[in-house]
Amino acid sequence: MSTQAPLFITMHAADNVAIVANDGGLPAGTALPGGPVLVDKVPQAHKVALVDIPEGGEVRRYNVVIGYALKPIPAGSWVHERLLQMPAARALEGLPIATARPPEMPPLEGFTFEGYRNPDGSVGTRNILAITQTVQCVAGVTAFAVKRIKEELLPRFPNVDDVVALEHTYGCGVAIDAPDAVVPIRTLRNISLNPNFGGEVMVVSLGCEKLQPERLLPPGSIPLVDERNVADVGASADSPLDVVCLQDDAHVGFMSMVESILRQAEEHLERLNARRRESVPASELVVGVQCGGSDAFSGVTANPAVGFCTDLLVRAGATVMFSEVTEVRDGIDQLTSRAATPEVAEAMIREMAWYDAYLDRGRVDRSANTTPGNKKGGLSNIVEKAMGSIVKSGSAPISGVVPPGEKARQKGLLYAATPASDFICGTLQVAAGMNLHVFTTGRGTPFGLAEVPVIKVATRSDLARRWHDLMDVNAGRIADGQATIEEVGWELFRLMLDVASGRKKTWAEQWRLHNALVLFNPAPIT
Ligand code: CA
């Protein structure tokens, strides 16, 4: 049990519940300063009723109704999910459209990082040779070749950070002409064009698969040179695709395939190795934010600090994407009102409606999102989780919507519509062109990506202490009263510039913790 003074956190003056901040929770009989005496033991991060709540009464947190009391809840009680009836999802009709007047945000100038400028104008934070695959069938051969590339070739190219096989489960055995197949296909295409790969696209194909190389990367999809320079250098935007096809008659035996992949890889490595980092404005950052393994502190410490940092990035002219449809669905009215234009609000509603229908097809709704760990961490339901999740988006106007698998094509705060699943959200943000990923966690997850550096932010000091060599930032200091949201937000902003510049490695990079690319495939499998 904690020896600290009783500590509880209320998010809004109108709230009738607060969360207990003390490590180990607080025992029954504890008098909360300026609040009730606890009638139950309340675990850390769980809610306590600040006043008597009648049966059917609203339970408010973040000044939002997160549930209705299923029976009378006396002041000082532990308010857990079994006491709450979840509110219905907000209808997608009659929402406020672009009504909010977000606070004036002066531009933030003078911040730079050292990045790799690409021919198409985008900027990489790492210099990686990525090997695209049209189909899962070639994954074993490619992995074998990548191991040899790393052992035999990479030491000769010290400016190249890594060689990564873009393994996935798509490409054949799928209804490739189904309308929704467009999602996994464009995801794979855009992943291979991520700024961290320097525009060096090489493909390993089987030969007989449904997703043929030309379908994955049609002529013109690879921006070989800055479009403005095409005429000058006489290059063509539709140079032939560099494909190693395993079923090609020329290959006799396995080693012939491997040698062929090595030969092609060497050409790309030579070009990648010639690149150098240069100072670029912070506006070249394309940051994807998400949370995973959330607890009730996520919305109190880590996510607000990320939200503050999001505002800094937007002020610096950068791109920030927040995602996770089921974790923003219950706050859709906040988001449509923050849309910069009615078109952005409409696009957001379109994505929500599509996802509602997708869930409906599987006979569930957004409440399928919450995990046993979320509940153990004090989050009663998806409404409460969503309110804490949306905070990552800060306070800037939302200037665009990126459909799943599409590339982000503008700067500012964007809503990238992705499932909340950590690995699928991360994969879709890689496709959207992210060059830095920020991940907040309360329960703890060792998430990492081979393609893009992942900065992890702990919501609680206890987690940051135990996972001291996995968590990059401890936002738990906010709950401990040792740092402000603003201080942690600035710390994160500066760390991002260091990580983007390659001056610092994240823990996930240091240990080479790489989660799989996991495609969002809403279309049928055959
Ligand atoms: Ca997530």
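The values are calculated or read from the model by the stated rules, or taken from the named source; none is laboratory data. No experiment lies behind these values; they were computed from the predicted model shown. Positions of Cβ are backbone-derived with ideal geometry, glycine not excepted, and every protein chain shown enters the neighbour counts. To get the accessible areas, we keep the full protein, side chains included, count just its heavy atoms, and leave off ligands, DNA and RNA. Shrake-Rupley method; radii C 1.70, N 1.55, O 1.52, S 1.80 Å.
Answer rounded, prolate or oblate for the chain, using the Cα gyration tensor with square roots of eigenvalues a ≥ b ≥ c: rounded when a/c is under 1.5, else prolate when a/b is larger than b/c, else oblate. Prolate, because a/c is 1.5 or more and a/b exceeds b/c. If only the Cβ of Lys and Arg carry +1 and only the Cβ of Asp and Glu carry -1, the dipole of the stretch 1-85 around its Cα centre is close to 60 debye. A 1.4 Å probe, protein heavy atoms only, puts the accessible area of Y68 near 80 Å².
Model label sites at Q410 and A5, defined 7 Å from Cα along the beta-carbon direction, differ in position by 4.9 nm. For a test of the definition: using alpha carbon positions, the gyration tensor, and the 1.5 limit on a/c, classify the stretch 37-109 as rounded, prolate or oblate. It is oblate, given that a/c is not under 1.5 and a/b is not larger than b/c. Subtracting the Cα-Cα distance of R156 and T526 from 0.36 nm times their residue separation leaves 128.8 nm of extension gain.
For R101, project a label point 7 Å along Cα to C-beta. Then give me every residue of the stretch 332-368 with its amide nitrogen under 17 Å of that point. Once the point is set 7 Å along Cα→Cβ of R101, 337-341 turn out to lie under 17 Å by backbone N, inside the stretch 332-368.
Summarise the accessible area of the chain (1.4 Å probe, protein heavy atoms) by the percent that is carbon and sulfur. Taking all protein chains in place, the chain shows 54 percent carbon and sulfur surface. This model, with +1 at the C-beta of Lys and Arg and -1 at the C-beta of Asp and Glu, gives the stretch 430-517 a dipole about its Cα centre of some 220 debye.
Put a plus charge on the Cβ of each Lys and Arg, a minus charge on the Cβ of each Asp and Glu, and nothing anywhere else: the dipole of the stretch 307-430 about its Cα centre is then about 260 debye. Picking from P33, H468, S294, whose Cα lies most toward the positive end of the charge dipole for the chain (charges on Cβ: Lys, Arg +1; Asp, Glu -1)? After comparing all options, I get P33. Under the membrane-span-like helix rule (DSSP H runs whose alpha carbons stretch at least 18 Å along the helix axis, mean Kyte-Doolittle hydropathy 0.0 or higher), the chain yields 302-315, 485-500.
Classify the stretch 128-274 as rounded, prolate or oblate, taking a ≥ b ≥ c as the square roots of the eigenvalues of its Cα gyration tensor: rounded when a/c is under 1.5, otherwise prolate if a/b is larger than b/c and oblate if not. It is oblate, given that a/c is not under 1.5 and a/b is not larger than b/c.
When you restrict to C-alpha pairs under 8 Å that are six or more residues apart and normalise by the size of the chain, the relative contact order lands at 18 percent.
Measuring nothing but how far apart in sequence close Cα pairs (under 8 Å, 6+ apart) lie, relative to its length, the stretch 1-85 scores a relative contact order of 27 percent. Straightening the chain between D52 and W490 buys 153.7 nm, computed as 0.36 nm per residue apart minus the Cα-Cα spacing. With a Förster radius of 35 Å applied to the C-beta separation of E343 and R82, the computed FRET efficiency comes to 0.25. A 1.4 Å probe run over the chain, with the rest of the protein chains in place, finds 39 Å² accessible per residue. If R0 is 56 Å, the Cβ-Cβ spacing of D360 and V39 corresponds to a FRET efficiency of close to 0.90. Toward the positive end of the charge dipole of the stretch 288-511, with +1 on the Cβ of Lys and Arg and -1 on the Cβ of Asp and Glu, the farthest Cα among V454, A345, A386 is that of V454. Relative to the current alpha-carbon distance between A516 and Q136, full extension at 0.36 nm per residue lengthens the span by 135.5 nm.
Each of A145, Y355, M257 was placed along the dipole of the chain (beta-carbon charges, centred on the mean Cα), and the one lying farthest toward the positive end is Y355. Which pairs in the list K147/K411; K47/K505; K210/K407; K375/K456; K71/K385; K407/K456 are over 28 Å apart, alpha-carbon to alpha-carbon? Among K147/K411; K47/K505; K210/K407; K375/K456; K71/K385; K407/K456, the Cα-Cα distance tops 28 Å for K147/K411; K47/K505.
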